[in-house]
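Report on one structure; see the data block that follows.
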Amino acid sequence: MVISSHIFMSTLHHLILIFFISLLGTSSYLQLIKPVSCTKGPIFKCSEVERAALLGFKYNLTDPSGRLSSWVGEDCCNWLGVGCDNNTGNVVKLDLRNPFSYFDDQYQPYNKSCLRGKISSSLLDLKHLRYFDLSLNNFTGANIPKFLGSLENLRYFNLSFSMFSGVIPPHLGNLSRLQYLDLNSEASYPALNQVESLEWLVGFPSLKYLGMDFVNLEKVPDWLHAINVLPSLRELHLANCRLVSLPSSISSINFTLLSVLDLSGNDFSTSIPQWLSHLTNLRSLNLGGNNFGRNNLIGKIPNSFANLCNLQALYLSRNNINGGITEFVDGLSQCSNSSSEDGNLPSMQEIDLSQNQLNGTIPESIGKLSMLVSLNLYDNQMSGTIPESIGKLSRLVSLGLSMNSWDGVLTEAHFLNLTRLKSLSLYMKVYAKATLVLDVKHDWVPPFKLREIYLTNVQIGPMFPAWIKTQNELESLSLINADISDTIPHGFWKSCPNVIDWSLSQNKLHGQVPYFQFHPSARYFDLSSNNLEGPLPLFHSNLSWIDLRNNLFSGPIPKNIGKLLPKLNFLDLSSNSITGEIPHSIGMLKELGTLFLRNNSLSGKLPHSMRNLSLLEELLLPQNHLEGELPSFFKNYRGLTTLDLGGNKFSGKLPAWIGESSPHLTRLRLRSNLFHGNIPQQLCLLSNLHVLDLAHNNFSGAIPQCLGNYSDVGSGVYANEQMSLVSKGREYIYADLLLLLVHFIDLSSNNLSGEIPVNITNLVDLMSLNLSMNHLTGRIPKKIGNLHMLETLDLSVNELYGPIPESLSSLTFLSHLNLSFNKLSGKIPNGYQLQTLNDSSIYEGNSLLCGPPLSTKCCGPRLSTKCSEDETKPRVTPNGGNGVANENGRASIESFSFYISMTAGFIVGFWGVCGTLIIKTSWRQAYFRGFDNLKDKIIVFVMVKIVRLLRKVKWERS
């Protein structure tokens, strides 16, 4: 959540800067049109021919908001959006741009104000038209008309974001007087427009602005050659055009006047070309990569970029750029710009190098970039100390240094002159070995008034930072894992009345949470993973997200929770000491999509009012004392993706509708309950099921034959989603990315009978299969080797017979196998992965099995019997007897002594440890919290390894 907010605000800052930079250039284009009087009217009325042309144009349009309602009467020069020359009366301007934009969260008024329909060829009668703007309308995939290329007097032509599609007609190249051409397409409809050739650009000798964002140019490998014929070009926007070629050199550059260049979101896989440094008039350069896992720019930032002394904005985010930034920053700091406000200062205002592979430190020379407004180094591999010189950047508004490995100490000097700072983002990587400490005086008053604070894995405590109280303009506050072991000060909430996003998670906060009144727009509240106690702090608010998991809160859920939190979408109260029943008013939370109440002491039945939670997608209630049959109102949860009721006292039969009413269900866990009866065939309708855990119930009958019909496509996981699954004989907590990757079936410890379904071998992505401790008969399916991803296979304690399939030896990922206590026979297969599983207990209790790792040898023509040299020799004892009686007698005595010792040891060990934990609450809480912390560290470590592996694979492929 915090990361998403940071990225959104950073992107917003980018757009605002580009807007103002573009506005400076656009003002000159607006001067192309001679001023038209809007109050006095033209000297001459428009001609009848042009009036008829406009009415013909209007006739073919749909105008739901009545924007063209003024188009009546004889004088068309007074119509809305129509401009005429004051001297001749000719129509020279047609501005029908939608006054609303879907970029500004104004979708409903935008949609209502869109002009639709067909562009009439009657416009050809507007012989003197110089300005034509139809942007931000909706022509629903229509082609751009070819006849528009005949409006030869056009200087300004804008069809951007109007949902045209198809091939852009090369006839537009006839508009030889054009200076501004904007054909930008929609990000939500990528590449609706396409171009097969750009040779027609040669017809624009005076073109200053060219916008073609999201236009498909993948069929134009020589795009740069076509652009190079535009000597007057000032701005070029070719973002997200599926370009794959970025030439490393160019013989001669004709567009040397270029000031704005945007090539972001393309599919380049080369280094940054040196010829860009020859565009010395550049003010904004955007080579940002894309978010779709395709190719990105590689290599280092060219040292020659230091020559771009007029550059005000540089965006290189989301690439694979490596190396350091010292030489680049040192070079920029030596630039001088005598036209700048303070004179002789570098003009750089915004640097975005986020999400790359940059390393090294921030150089001291960063303090010389005195015009810098925004610095974003988020998600790189940078390390070392943050220089104090950063405190000299008096114009700095946004500082984003998160997801690196900084160390050292931040003091007041680092913020000395940052009087304009509004956004401070500094969350360290979870696995970073370095330690960054914020060490300021307790009574420090910062020079800034922040709106956003994101400090994660930065040591701030142990005291609660008093300087936060001075930030009365705050809107987002995140102090995560900041080593704060203090109470929340009374009055703290009131000192930050405008905060809408709160996160103080993963600290050591203790005591009760003081009551306070949230801002009306507050939406996010996270106090998870602390030592907070007392009643649940569920105060009246419009919050949509509440996370209070992993604390010491006790008592019941407030009975009026439905009235307190009418806008709630996400609620996590897991791992507390909550008691009582789930209140009836919870059914009033009609916007609730996620409900996590796992690992508490809730009891009783689920309230019938929960039938109203029709938007519920995740319901996790495991490890409580809930009871009753599976409620029929679950049929209302059509969007449910995860259902976990494990570790409760639910009973009854599993209803057939569970497979019919929740078609998107991906994870179903009913483990350790009291369900009985058959597993319904309708469960196979859940084609997206990845996790099916029905273990430790009383299910009977056969396993449905259709169980192998599940697909390998499932939904994603949500924040905080965790699930306890038994794999390899141990219980593991899967969460986040790991949970998304898990494919798991556990039907163990039931009363199931019949054969193992042959179709189960179709589940090629299955990682764990446990059918142990049932009454299954028949043979192990021959094609068990088709389960190539299988890591765990447990078929123990059943009545399976026949040989072990040879295909089992082809399971190269298999690390846990248990076939014990069945009726299997013949030789144990060997080779490949089975050779590493050299444990005889895997096959224990199968008297007819033979071969390694068992001590018995295989003999007979079909190797279906076992023999041993030891079995053919008589046993002789020292007293001359056959030894049977004496051996058995001694074994009986030794066994009896062994069991007595084992029982005594168990009693002492169990009650010595567990008894203490049961009696002493503080020890018990510390014990289990220690396990929780260890579990979190293991999960994070594994996730980091996976992410690194994915990045490595991506890098090698690129």
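The values are calculated or read from the model by the stated rules, or taken from the named source; none is laboratory data. What you see is a predicted model; the values in this text were computed from it and never measured. Quick reminder, even Gly has a Cβ in these numbers, built from the backbone with ideal geometry, and neighbours come from all protein chains shown.
Structural remarks
- For region 62-89, filtered to residues that are of a type in the set (Val, Ile, Thr) and part of a loop (DSSP other than H, G, I, E, B), the residue that is nearest to residue 128 (Cα to Cα) is 88.
- Among the residues of region 367-399, the ones that are part of a strand (DSSP E or B) and buried (at least 19 other Cβ atoms within 10 Å of the Cβ) come to 5 in all.
- Residues located in region 764-782, provided they are assigned to a helix (DSSP H, G or I) and under 13 Å from residue 751 (Cβ atoms): none
- Residue ID - farthest from residue 770 (Cα to Cα), chosen from residues in region 783-807 that are out of contact with any strand residue (DSSP E or B) (no Cβ under 8 Å at 6 or more places or on another chain) and either crowded, with 22+ Cβ neighbours inside 10 Å or charged (D, E, K, R) (or both): 806
- Selection within region 448-485: residues that are buried (at least 21 other Cβ atoms within 10 Å of the Cβ) and of a type in the set (Gly, Ala, Ser). The member of this set that is farthest from the chain's Cα centre (by Cα) is 482.
- Among the residues of region 90-128, just one is touching a helix residue (DSSP H, G or I) at 6+ places or on another chain (Cβ under 7 Å) and assigned to a strand (DSSP E or B), namely 91.
- Qualifying residue in region 550-568 (condition: surrounded by fewer than 23 Cβ atoms within 10 Å (Cβ to Cβ), among the polar types (S, T, N, Q) and touching a Leu at 6+ places or on another chain (Cβ under 7 Å)): no
- Filter result (crowded, with 19+ Cβ neighbours inside 10 Å, free of Cβ contacts under 8 Å to residues at least 60 places away in the same chain and not hydrophobic (A, V, I, L, M, F, W, C)) within region 768-782: 768, 772, 774, 781
- Residue satisfying all of: in region 614-641; part of a loop (DSSP other than H, G, I, E, B) and more than 25 Å from the chain's Cα centre (by Cα); nearest to residue 570 (Cα to Cα) among these: 622
- Looking across region 429-453, the residues that are in contact with an Asp or Glu (Cβ under 9 Å, 6 or more places away or on another chain) and among the aliphatic types (A, V, I, L, M) come down to 432, 434, 436, 437, 440, 450.
- Residue match in region 298-308 (condition: modelled with pLDDT of 90 or more, surrounded by fewer than 22 Cβ atoms within 10 Å (Cβ to Cβ) and either hydrophobic (A, V, I, L, M, F, W, C) or outside the structural domain of residue 363 (by TED's automatic domain parsing) (or both)): yes
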